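Bear in mind that the values in this text are calculations on the coordinates, not laboratory data. What you are looking at is a predicted structure, and each value in this text was computed from that prediction instead of being measured. For neighbour counting, all protein chains shown are included, and Cβ atoms are generated from backbone atoms with ideal geometry for every residue, glycine included.
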Amino acid sequence: MKSVLQLIVLAILFLLSVRYIERRSIYFPMREITANPQSVGLPYEEVYFETSDNKRLNGWFIAHHKAKSTLIFCHGNAGNISHRLEKLSMFYNLGLNLFIFDYRGYGKSQGRPCESGLYKDAKAAYDYLIRERRVTKEGIILYGESIGGIVAIDLAQNKDIGALITEETFTSIKDMSGIAYPFFPYFIFSSRFDAFSKIKNVGCPKLIIHSIDDEIIPFRLGEKLFAAARPPKKFLQIRGGHNSAFLESEEQFKEGIKSFLSGLRFL
C-alpha cells in the first residue's frame, strides 16, 4: 500500500512539474510597455475592453483615413504589443485600420495566460470591433504571428471574417512537443493549440506565411498547415529567422500581403 501511495505522489509531482515546464515553455509575457505607436509616427487610441470571463484587456486602435477594412493583430507568445511597432507600421502603410491587443497577463491586460484564455481574448477583441467600432464582419482581417496564428485560426473557425493571415505558425502542440520534448508523450501536456484540425473549418481566403529558415518552428509545419487548409488559400515562402523574417524579407513580405489583399473582393 505504501509503495502505491509513493507512486501516486511521484506521478502527481511529475505532472505538476510538466505543467510548470509547459507554462514556462509556451508563454513569455512582459508587463512593461516600452513604446507606443506614436513613437513610429502612427496615430492611435488606447482602449480597454472585457472578456466573457471578466478580464480587462488593453489594446491600441490605429485608424487609417483610407481604410476599407480592419486588421486584428494577434501577437506571438513573447513580449507585448509595444514590441510589434515595426510590423504595425508595415500593415498601416498597406492602408488598413489596426487593432492590436495584449492577451491576459501581457502588458496592461489582467489575468494569466492559458490556451482557453487566449481564445476568449481574441473573441473579445472581435466583439469590441463589431460592437464599439461598428466594423462589418466581412471587413475584418485576422493576422496572427507564431502562436497568435493559432489564436486567429480558432477565432476564424467560429466567427465570420473577411480573411486570415498567419505567419510562422505551428500546427499543434503534438507536433511541437515531438520536436522540443521527443521523450514525452504529447498527451501529458494540457495545451493542444491544434491549428491543424481547426484550419480545416475556416472558409475565408487564407494567406499562410512561413520562413524556410525558421529556427523555432520548422518550415515543414508551415507547409503542413497550408496543406490542411481548404481553398481559397495562398502560401508565401520567405527567408529569415522566426522573429526577424518579416524584416529580412521585408519587400517580399509586404508585396506578398499586398497581393493577397488586392485579391479580396471587399477591398
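Would you mind getting the Kirkwood hydrodynamic radius of the range 38-154 from its Cα pairs, rounded to one decimal in Å? Present the calculation step by step, with values, prior to reporting the outcome.
Values: mean 1/r = 0.0716 Å⁻¹.
Over the range 38-154, the inverse of the mean reciprocal pair distance is 14.0 Å.
Rounded to the nearest 5, what is the percent of antiparallel bridges among the DSSP beta bridges in the chain? Intermediate values should be presented prior to the final figure.
Numbers: 10 of 36 bridges.
So the antiparallel bridges in the chain amount to around 30 percent.
Length available on full extension from Met90 to Glu45: 0.36 nm per residue minus the Cα-Cα distance, which gives 14.4 nm. Computed from the Cα positions only, the extents of the chain along the three principal axes stand at 73, 37, 31 Å, in decreasing order. Relative contact order, whole percent, for the chain stands at 14, derived from Cα pairs under 8 Å and 6 or more residues apart.
Please give the peptides 97-109, 37-49 ranked by average Cβ packing (other Cβ atoms within 10 Å per residue), highest first, as a rough proxy for protection. If you can, show how the numbers build up before the last one.
Values: 97-109: 24.2, 37-49: 14.1.
Most protected by this proxy first, the peptides run 97-109, 37-49.
Where the alpha-carbon atoms of the range 21-99 are placed on the principal axes, they occupy 45, 27, 19 Å, in descending order.
Translational diffusion coefficient of the range 115-252 (Stokes-Einstein, Kirkwood radius from Cα pairs, 37 °C, 0.692 mPa s): 213 µm²/s.
Cross-link list Lys68/Lys137; Lys137/Lys174; Lys198/Lys234; Lys206/Lys254; Lys55/Lys233: which exceed 23 angstrom alpha carbon to alpha carbon?
Numbers: Lys68/Lys137 12 Å; Lys137/Lys174 32 Å; Lys198/Lys234 17 Å; Lys206/Lys254 16 Å; Lys55/Lys233 34 Å.
Over 23 Å Cα-Cα: Lys137/Lys174; Lys55/Lys233.
Taking label positions 7 Å along the Cα-Cβ direction at both Asn54 and Lys159, the computed distance is 2.2 nm, reported to one decimal.
On the beta carbon distance between Lys66 and Arg239, with R0 = 35 Å, the FRET formula returns roughly 0.70. Taking amide H atoms as placed 1.01 Å from N in the peptide plane, the amide H of Ser146 lies under 5 Å from those of Glu167, Glu168, Thr169, each 5 or more residues away in sequence or on another chain. Please find the FRET efficiency linking Arg134 to Ala35, where r is the Cβ-Cβ separation and R0 is fixed at 35 Å, and quote it to the nearest 0.05. Calculated transfer efficiency: 0.75. Shown here for the range 216-267: trypsin sites (Lys or Arg not before Pro) in loop regions (DSSP other than H, G, I, E, B) with at most 15 other Cβ atoms within 10 Å, namely Arg239, Arg265. Remark: spin-label model distance Ile179-Ser197 equals 2.1 nm, labels positioned 7 Å along the Cα→Cβ axis.
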